[in-house]
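Working notes, structure below.
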Amino acid sequence: MKRTHHCNELRPSHIGQIATLSGWVHSRRDLGGLIFIDVRDREGRTQTVFDPSDLPKELFERAEKLRSECVVSISGKVRQRPQGTNNPKIATGEVEILVQSLEVLNMADVLPFPVDDPEVASKVNEELRLKYRYLDLRRPEMARNLRLRSKVAIATRQYMDEQGFLEVETPVLFKSTPEGAREFLVPNRRDPGTFYALPQSPQQFKQILMVGGVERYFQIARCFRDEDQRADRQLEFTQVDIEMSFIEREDIYNLIEGLLKRVWKVATGQDIPTPFKRLRFEEALNRYGIDKPDTRFAMELVDFTEEFRASAFKVFSGAVANGGVVKALNAKGLAGATQGQIETMTEYAKSFGAKGLAYIKVENGEWKSPIVKFFNEAEKAALTTKLKIEEGDLILFAADQWLNACEILGKIRLYCAEVLREQGKLTLDPNRYDFLWVVDFPLMSFDKEQNRWYSSHHPFTAPVAEDVPLLKTEPKRVRGQHYDIVVNGVELGGGSIRIHQPDVQKTIFEDVLQISPEETKLRFGYMLEAFRYGAPPHGGIALGFDRMIAILCGTTSIRDVIAFPKTAKGVDMMTDSPAPVTARQLRDLYIEVKAAKKE
Ligand code: ASP
């Protein structure tokens with residue numbers, strides 16, 4: 001019995017026809033001597049009716065034995081549903097199939113969790129869903145996510161092809177190069193003690209492809225980073241990876257705006273306006289306290305360094321005297337914040353090394369705060385005007401070194417927005433997408449713990465040309481030709497114009513990053529050499545594909561848009577990986593495991 005239609009196809013126009021459907025038993029109801037079975041496939045579902053009065057007894061008995069998720073083929077006549085029994089919730093809800101034959105293709109055991117009820121399914125423990133991912137993937141929400149992912153991947157390929165890009169695959173067995181994240185190593189059986197590493201990104205290969213004359217490369221590439229997983233990360237993830245020769249930053253902006261316009265149109269039907277806004281890194285931090293600002297709401301940070309330079313409140317004036325700043329934000333309508341909420345915010349401040357959190361609650365016409373008594377009239381007036389203080393507001397301060405003060409309030413700003421959303425005081429349109437480019441990042445950032453500079457993006461990022469002379473003297477002031485694309489407070493991707501002159505690249509490795517010449521030669525020698533044989537100026541970008549799909553699907557978890565994701569602990573629940581290997585396998589690899597066995 002071969003299917004004639006899919007389960008989301010039959011309409012009143014098919015009434016009278018014989019149809020065969022194949023799929024899963026979505027639900028079975030026994031009512032008034034009849035059996036109703038909803039058959040579901042990838043496309044949707046259709047109701048079928050088994051009437052014992054016109055079916056062989058044996059067939060009806062087989063139907064009685066069917067359980068949820070058995071696989072069946074069912075044939076019969078399409079008919080109008082009896083009056084009053086239409087189901088407006090499904091597209092096939094006006095018709096049903098009066099069954100004539102049933103083939104049971106496979107039985108199903110009792111399920112570990114139901115897949116037919118979205119209410120129930122959404123509450124099922126995620127580890128259980130991941131263990132039985134094949135059942136989870138049958139849920140319409142998951143099927144929709146995978147379908148959207150596929151559509152976006154295809155649209156991306158089409159767009160990139162139209163723009164003259166070649167899709168090139170790069171190796172997964174790569175080499176260990178200290179680029180930032182911890183790497184996964186793969187032992188080499190042929191030469192004990194040597195290892196491949198899985199690529200953190202195809203960064204070096206795509207640059208070499210430019211030296212190889214490819215000019216326009218892209219790949220929907222898998223990347224691997226052995227990092228402790230934060231909420232929205234996976235050990236392996238997918239990027240839309242891009243590199244181009246003979247271009248400037250503007251060319252990348254244009255290309256990506258076009259790509260995102262296409263993708264958003266395909267996925268949501270929406271026309272997103274381009275060009276996107278641009279925000280300098282410094283301005284992003286000054287106004288939003290973060291380099292990936294969510295600009296769908298204001299609550300901007302305001303600077304009060306000058307106003308408090310000579311303040312009697314020593315916490316503020318002292319910070320300024322130390323070269324720091326005083327900043328504040330107004331969380332409108334949050335004066336009623338609970339003790340717990342204030343504590344959470346205080347913890348954020350402390351996690352950045354602040355001693356505490358200064359705040360003012362504006363309630364019953366009064367400024368409630370232990371610090372207000374130190375403020376003079378001019379200081380109060382400045383606060384009132386610049387923060388537009390009104391009844392019901394909550395004012396939060398940070399007095400610290402610039403970056404720290406910005407970041408503290410940046411975190412608090414997002415937290416306050418969350419609380420205001422929960423309270424219904426802030427509503428964000430789910431169809432609103434605030435895209436923006438963050439530009440003019442500093443090339444280097446300083447790691448206080450290790451007392452050394454590291455690349456804000458990666459070591460291949462080109463400095464802004466006029467800042468090159470500062471590299472050895474004042475690395476802090478060197479701007480990088482690096483850009484990030486941000487939407488609704490999520491970093492969708494980033495890239496840069498690259499260094500293509502071997503001497504500049506060497507300076508970055510050795511003088512700025514303090515990688516020894518031997519190490520540089522060992523790790524990056526091939527790249528520096530390649531650059532000596534005619535490397536074109538080039539640049540590129542990578543977009544986080546999983547994250548982009550999650551945004552388009554309206555989910556906060558990238559696990560919902562990856563067919564087989566790992567848990568936060570890096571475990572594949574379904575295959576139970578990672579897992580031990582045999583002593584023989586280890587011997588072949590010349591590997592001895594010294595760690596104590598887990599209980
Ligand atoms: N390779 C970079 C990354 O993975 C992106 C780029 O610079 O193109 O973040």
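Annotations for the structure displayed:
- Note that the range 299-394 carries a Kirkwood radius of 13.9 Å, evaluated over its alpha carbons pair by pair.
- Burial ranking of peptide ranges 539-547, 28-36, 138-146, 218-226 (average Cβ count within 10 Å, highest at the top): 539-547, 218-226, 138-146, 28-36
- Lys/Arg +1, Asp/Glu -1 at C-beta; the range 9-127 dipole; positive extreme among SER27, PRO52, VAL71: PRO52
- Net charge over other residues, Cβ less than 14 angstrom from the Cβ of LYS566 (K, R count +1; D, E count -1): -2
- Net charge over other residues, Cβ less than 12 angstrom from the Cβ of LEU552 (K, R count +1; D, E count -1): +4
- With eigenvalues of the C-alpha gyration tensor scaled by 5 and rooted, the chain, Å: 52, 36, 24
- Of LYS151/LYS292; LYS355/LYS388; LYS388/LYS448, those spanning more than 29 Å from alpha-carbon to alpha-carbon: LYS388/LYS448
- Percent of C-alpha pairs per 10 Å bin in the range 225-312, short distances first: 12, 24, 36, 18, 8, 2.
- The chain, relative contact order in percent, only Cα pairs under 8 angstrom and at least six apart counted: 13
- If only the Cβ of Lys and Arg carry +1 and only the Cβ of Asp and Glu carry -1, the dipole of the chain around its Cα centre is close to 760 debye.
- Shape box of the range 531-572 [Cα atoms, principal axes, largest first, Å]: 45, 25, 14
- The range 1-48, relative contact order in percent, only Cα pairs under 8 angstrom and at least six apart counted: 37
- Whether the range 167-231 is rounded, prolate or oblate, judged on the alpha carbon gyration tensor where a/c under 1.5 counts as rounded: oblate
- Quarter of the Cα convex hull surface for the range 147-275, i.e. its orientation-mean projected area (nm²): 10.3
- Toward the positive end of the charge dipole of the range 480-592, with +1 on the Cβ of Lys and Arg and -1 on the Cβ of Asp and Glu, the farthest Cα among THR520, LEU492, VAL561 is that of VAL561.
- Taking a sphere under 11 Å around the Cβ of ASN330 and counting the other residues whose Cβ falls inside, with K and R at +1 and D and E at -1, yields a net charge of +1.
- Sorting 501-513, 439-451 by average packing, meaning the other beta carbons within 10 Å per residue, from highest down gives 501-513, 439-451.
- Contact order for the range 311-467, expressed relative to its length and based on alpha carbon pairs under 8 Å spaced 6+ residues apart, stands at 28 percent.
- Size estimate for the range 1-104 follows the Kirkwood approach: the inverse of mean 1/r over distinct Cα pairs works out to 13.3 Å.
- The range 63-135: C-alpha pair distances exceeding 16 Å, %: 65
- Over 19 Å (Cα to Cα) - which of LYS332/LYS380; LYS314/LYS380; LYS327/LYS425 fall in this group: LYS327/LYS425
- Rounded to the nearest 500, the helix-only mean residue ellipticity at 222 nm of the chain stands at -8500 deg cm²/dmol, with each DSSP H run of n ≥ 4 adding -39,500 (n - 2.57).
- In terms of the mean number of neighbouring beta-carbon atoms within 10 Å, the peptides 237-243, 564-570 order highest first as 237-243, 564-570.
- Nearby aspartates and glutamates by direct alpha-carbon distance to LYS476 (threshold 18 angstrom, same-chain neighbours under 8 apart not counted): GLU282, GLU283, ASP291, ASP440, ASP447, GLU449, GLU466, ASP467, GLU510, ASP511
- Net charge dipole, the range 95-140: roughly 220 debye, given to the nearest 20, about the Cα centre with Cβ charges of +1 for Lys and Arg and -1 for Asp and Glu.
- Total charge dipole magnitude, the range 527-581, about the Cα centre, Cβ charges on Lys, Arg, Asp, Glu only, Debye to nearest 20: 120
Only the coordinates and a few stated rules stand behind these numbers; no lab work does. These numbers come from a predicted model, not from an experiment. When we count neighbours, we look across all protein chains shown, and the Cβ atoms used for this are built from the backbone with ideal geometry, even at glycine.
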